1. Which of the residues belonging to region 1-21 are open to solvent by 100 Å² or more (accessible area, probe 1.4 Å) and under 15 Å from Ile63 (Cβ atoms)?
2. Just one of the numbered conditions (1) in contact with a helix residue (DSSP H, G or I) (Cβ under 8 Å, 6 or more places away or on another chain); (2) surrounded by 14 or more Cβ atoms within 10 Å (Cβ to Cβ) is not true of Thr54; which one?
3. For region 30-49, indicate whether the set of residues that are out of contact with any strand residue (DSSP E or B) (no Cβ under 9 Å at 6 or more places or on another chain), touching a residue at least 40 places away in the same chain (Cβ under 8 Å) and aliphatic (A, V, I, L, M) is non-empty.
4. Out of everything in region 22-51 that is among the charged types (D, E, K, R) and part of a loop (DSSP other than H, G, I, E, B), what residue ends up being surrounded by the fewest Cβ atoms within 10 Å (Cβ to Cβ)?
Amino acid sequence: DPGHRGGHVTFRHPQAEQIVAQLAGANIIADYRTPERFRLGASPLYTRFTDVWTAVGTARDIIESKLQRQP
């Protein structure tokens, strides 16, 4: 329903705050929301599909690398 769409996508992860910091290191702007959430904004005025693809792919890579390092 278009009336329920917004300009953000929120993900939940126990290390959300650290993920946001690592995304910032990759020049990807995200924000941390309690509890355990990080959010990406996608304005249709200036966000390209490839920008979304890169941001989500980078977040995935960060999460997967963290999971691989955990015992």
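1. Scanning region 1-21 gives Arg12, Glu17.
2. So Thr54 meets the others, but not (1).
3. no
4. The residue in question is Arg48.
The values are calculated or read from the model by the stated rules, or taken from the named source; none is laboratory data. Source: prediction; values computed, not measured. Methodologically, a virtual Cβ is constructed for each residue, glycine included, from the backbone with ideal geometry; neighbour enumeration extends over all protein chains shown. Calculation scope for accessible area: heavy atoms of the full protein, side chains included, ligands and nucleic acids excluded. Shrake-Rupley method; radii C 1.70, N 1.55, O 1.52, S 1.80 Å.
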